[in-house]
Amino acid sequence: MFHRRNFLRQCGAAALLNSLAPSVGWSRSGELAADVITIGAGLGGIAAALGALRGGASVILTEETAWIGGQLTSQLVPPDEHRWIEQFGCTASYRKLRTDIRDLYRKRTNRSLKPELRNKPQLNPGNGWVSRLCCEPAEGVAALKAMLAPYIASKQLILLQPWRPTGAEATGDRVRAVTGTDLKTGQTQTLVGKYFLDATEQGDLLPWTGCEFVTGFESQKDTGEPHAPAIARPDDVQSFTVCCILAYDPKNEKIVERPADYEFWRDYQPQLRPPYIGPLFSWNHPSAKDKRFGFHPTEDRTPEGPNLWTYRRIIDSRQFEPGSYPGPLSCINWHQNDNYLGGLHAGVTPAETARNLARARSQSLSLVHWLQTEAPRTDGGKGWPQLRLDPHAAGSGDGLALAPYIRESRRIRAEFTVVEQHVVLELRMKETKLSKDEVKAADFRDTVGIGHYPLDLHPSTGGINGMGYTVLPFQIPLGALLPVRLENLLPACKNLGVTHLSNGCYRLHPVEWNIGEASGALAAYCLAKQLKPKQVRADSARLGEYQKILRDHGVELEWPASARLP
């Protein structure tokens, strides 16, 4: 006999608060059940949950870390966005997230903005130059929680946190359940649903469910991509980074303890192809001999080159009332702490994954120690001891990110795969014979959203130096969200049908959000209409009906004519 008390004990506090949910419930075998199970509460996972919830589905959403929000929050990366983001080029819900974050700063009663800035429409709290909205990750967490709160209150949504997925069960072409562990109680739990959305950062559900997937570099023979290698390299993936947050505090006297492998990182000369302009810990540009970076934590500009401190600065303390912050805050996510000596999911054992992650953490701590003690200054001195790690801003005990910043995931073998020929400017011009002013990215009749970012590849674990190509404003095709075989598993992060190359422009914040939102809405639509996702793509009428739902919820499916490269 099933005992409710035992079930509540197993599910922990999150399920206890929602135990009377009319839509999310439990089976007689003690399995927690909902229409849609979304694993991973990064940006894609939250957007996926919202898309499904708006469509009337019940949802269970899980998150392993203490912060929801993924790359925006637990990974400490301010939004990487395109030039038109303030006018168009994202979903309405993503735009709401940006507005809500700004409003949180405007409404503060402590650490307040200066009065003249509180009504600034395009407020950028950090005045960083990577994005028009560089902000503290905690404000992102607060805004995202507020977006989910009404659904949690109505018990249409259960958020299990902290909760780690450990496996899945699939029969034939359908996934039945995902298993995992409540990290507070240590209890194993089974989540049963009609649709499963993989919003994990590395596509963890794909191998567990038997979903066909790829990793690393595909071959030129497989994709036809001019910049792909002749032979596939499945273990060769983009670097990952353990980011951190540094504060400039004139009163700081705490130097980061010298890591055991500090000398290795300080003197390390990357061996990459094409050659890396090193050493790693320097102000050299990694691939251009005639370019250098500057660094100064109290200046906006530096004579040597672009100021790395302001690149991802998340708080410009001059914009806030005196005493709000000791000084500015900046997220350290640079080429100096990119780690490409070993990956986390492709061709590595769990033990190797743990070692690679530990090594990346030490690399970032070594970089901080170098910045405090040995980094060359323009005045001839060395180091800025006033810099300190900020555990509070990072949401961690040590100032390092709660989770590594992942640039490349396992990717489904999809009904349709986006390749670089669909998006790269030079390749589109060659194919269409059109000028730069006339050419567009490939049009997809099954578009479910749009995005834009350069095809930006960081150094890889196989020794390939970073590369980048100009990309046209592009669409997200529904075919890239459909696994070739499984019927009820959908990607909701960076694990859609893209290649190692095209992933370079589909992996950023607003695109990941759009991918998740489209997948969540698709699951809800299929449930309501009793259809399979492939049937939606194959039937023009059904596809149009689904696309209308997306449009009605503010998902832009085409770029306006004004979106042209300069």
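The values are calculated or read from the model by the stated rules, or taken from the named source; none is laboratory data. Just so it is clear, the model here is predicted, and its values are computed rather than measured. We place every Cβ from the backbone using ideal geometry, glycine too, and count neighbours over all the protein chains shown.
Taking the criterion of being in contact with a Pro (Cβ under 9 Å, 6 or more places away or on another chain), part of a strand (DSSP E or B) and more than 30 Å from PRO286 (Cα to Cα), the residues of the stretch 468-523 that qualify are PRO483, LEU489, LEU490, PRO491.
When restricted to residues that are among the hydrophobic types (A, V, I, L, M, F, W, C) and part of a helix (DSSP H, G or I), the stretch 307-342 contains 2. When you scan the stretch 183-198, do you find a residue that is in contact (Cβ under 8 Å) with a residue 12 or more places away in the chain, under 25 Å from the mean Cα position of the chain (by Cα), surrounded by 16 or more Cβ atoms within 10 Å (Cβ to Cβ) and within 18 Å of THR417 (Cα to Cα), even just one? So far as the stretch 183-198 goes, yes, one or more of its residues are in contact (Cβ under 8 Å) with a residue 12 or more places away in the chain, under 25 Å from the mean Cα position of the chain (by Cα), surrounded by 16 or more Cβ atoms within 10 Å (Cβ to Cβ) and within 18 Å of THR417 (Cα to Cα). Among residues belonging to the stretch 497-553 that are closer than 30 Å to THR461 by Cβ and among the aromatic types (Phe, Trp, Tyr), point out the one that is surrounded by the most Cβ atoms within 10 Å (Cβ to Cβ). Applying the filter and picking the extreme gives TRP513. Among the residues of the stretch 87-143, those identified as under 16 Å from LEU76 (Cα atoms), buried (at least 21 other Cβ atoms within 10 Å of the Cβ) and of a type in the set (A, V, I, L, M) are ILE101, LEU133, ALA143.
Yes or no, residue by residue, for (1) touching a strand residue (DSSP E or B) at 6+ places or on another chain (Cβ under 9 Å); (2) under 24 Å from LEU425 (Cβ atoms):
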| residue | (1), (2) |
| --- | --- |
| LEU490 | yes, no |
| LEU496 | yes, yes |
| ALA528 | no, no |
| PRO533 | yes, no |
| LEU543 | no, no |
| LEU550 | yes, no |
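Quick one: in the stretch 354-395, which of the residues that are part of a loop (DSSP other than H, G, I, E, B) and of a type in the set (Gly, Ala, Ser) is nearest to GLN336 (Cα to Cα)?
The qualifying residue nearest to GLN336 (Cα to Cα) is ALA375.
Only one of the listed residues (GLU263, GLU225, GLU218) is of a type outside the set (Gly, Ala, Ser) and either modelled with pLDDT under 95 or surrounded by fewer than 14 Cβ atoms within 10 Å (Cβ to Cβ) (or both). That residue is GLU263. The set of residues in the stretch 318-343 that are more than 25 Å from GLU263 (Cβ to Cβ) and in contact (Cβ under 8 Å) with a residue 40 or more places away in the chain comprises GLN319, PHE320, GLU321, SER324, TYR325, PRO326, GLY327, PRO328, LEU329, SER330, CYS331. Filtering the stretch 59-70 for residues that are touching a Leu at 6+ places or on another chain (Cβ under 6 Å), assigned to a helix (DSSP H, G or I) and buried (at least 24 other Cβ atoms within 10 Å of the Cβ) leaves a non-empty set.
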